[in-house]
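Every number here is computed from the coordinates shown, using simple stated rules; none is lab data. Everything numeric here is computed off the predicted structure, so don't read it as measured data. Because the Cβ atoms are built from the backbone with ideal geometry, glycine has one as well, and the counts that use them run over all protein chains shown.
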Amino acid sequence: MPTPPKKYNMVWTPFREGTLGGGRDGIVLRGPPGVVVKIPRRFQDDSEEKGYRDTPDVKYFEHERAMLELMQKRPPHPNIIQALMSADDGICYPYMQDNLELFLDRGVLASDDQASVWVAQIASAAAWLESMDLFHGDLRPPNIRQPRSCQDLRLWQHGA
């Protein structure tokens, strides 16, 4: 009796760098310098010709790619992180170390003026998405990035 093909319950990835985080939509890995790569959740599977099989959650990753495609048809919004590249195996984004959650966890208090600016930036980005009949769906501090060099906030993780 032939031996059945091996099946692995590990994430398949073309990248071997460190994992920075992950959620339902995919896994975020450190890419080339200054870049993170978000990949869909796939399992390694020797029985498949391509070497992996999709998990049921890949549909959310594909939804994010479709949103990015629609967003690229308009001039970019300054408070939404734009993808550098999008492909079936991953989406490349600029690397931003800080997010609003980390900022708040450090106990640093923003002034009322700065908080007002941030609220306006988030509302403007959400309105820009809604103008294309899109919505973010997961507006929470980890999905709001803050470049260390400035006080502007930017939304990312558009697949929700």
Determine the distance separating the Cα centre of segment 46-113 from the Cα centre of segment 117-132; give it in Å without decimals. 17
Ordering of 94-106, 18-30 by packing [mean C-beta count within 10 Å, highest first]: 18-30, 94-106
Given R₀ = 35 Å, FRET efficiency for Gln114-Cys92 by Cβ-Cβ distance, to 0.05? 0.70
Sort Glu69, Glu62, Glu49 by Cβ crowding within 10 Å, fewest neighbours at the top. Glu49, Glu69, Glu62
Using 0.36 nm times the number of residues separating Thr19 and Asp105, minus their current alpha carbon distance, what extension gain do you get? 28.8 nm
